[in-house]
Structures are given as structure tokens and as C-alpha cells.
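Read the structure below first, then the notes.
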Amino acid sequence: MNLDGKKHLLGTWAEINWHANGTGSTWGDISLLQGNDGAATIQSLDGLFRVKGFTLDLLLDAPSNAWARKATGSWCLDKIIGEDANNATKEWESQFIDP
């Protein structure tokens, strides 16, 4: 997690939304659309035990053409949407999960 006030788009995203409709409901997901710098999961604590995300290390043995360098200098799997989407990354990840 980066809380330095700068944009950090490339990497695994944990998305959480608290609904302001008075129900107290929350929605969450793990996204690899903007890159993948590691596995992540989120789980509900309401007794329903809903889990989103994955624990598989997709970085291990990933092909070299699927990688991208982050602004921090570290490496991650490249994004799979947008103008510069990396098809090699999408093909690699699609073998294991449905991004």
C-alpha cells in the first residue's frame, strides 16, 4: 500500500466500497487489470466467509515479456487493459485465473 499522495497504478489492486445507503453493506474485489505485484485476498467477517482474490504466485515463472517496471523501480506483471495492455501478461494470467 502506498500512501504518499502519488499515483501508483501498476500493481495488484484491492478495491473496497462502503455503501452510503444506510445498510452498512460493503463490496470488495481484487483486480489485476492494472498489473500484478503479488497475490491478495479479502474476506468478509460477517459470518458468511466470502473470499475474493487469489493466493497463487503468478510472478513465479512468468515469461519475460509479461513484466513491467514500476515507478519505484521494482518489477511486476504488466497491465492487461488500456492502450498499452500487455497480451503476454493476459495470456499468462488467464492460464491460472480469470482476471
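Scanning the range 16-37 for residues that are touching a Ser or Thr at 6+ places or on another chain (Cβ under 8 Å) and closer than 16 Å to Ile80 by Cβ turns up Ile30, Ser31, Leu32, Gly35, Asn36, Asp37. Return yes when Ile80 is within 30 Å of Thr23 (Cα to Cα) and under 15 Å from the mean Cα position of the chain (by Cα) and no when it is not. Considered against the rule, which asks whether it is within 30 Å of Thr23 (Cα to Cα) and under 15 Å from the mean Cα position of the chain (by Cα), Ile80 comes out as no.
Laboratory data are not the source of any read-out in this text; all were calculated from the coordinates shown. The model shown is predicted, which means the values in this text are computed figures rather than measured ones. Cβ coordinates were reconstructed from backbone atoms using ideal geometry, including for glycine residues, and neighbour counts include every protein chain displayed.
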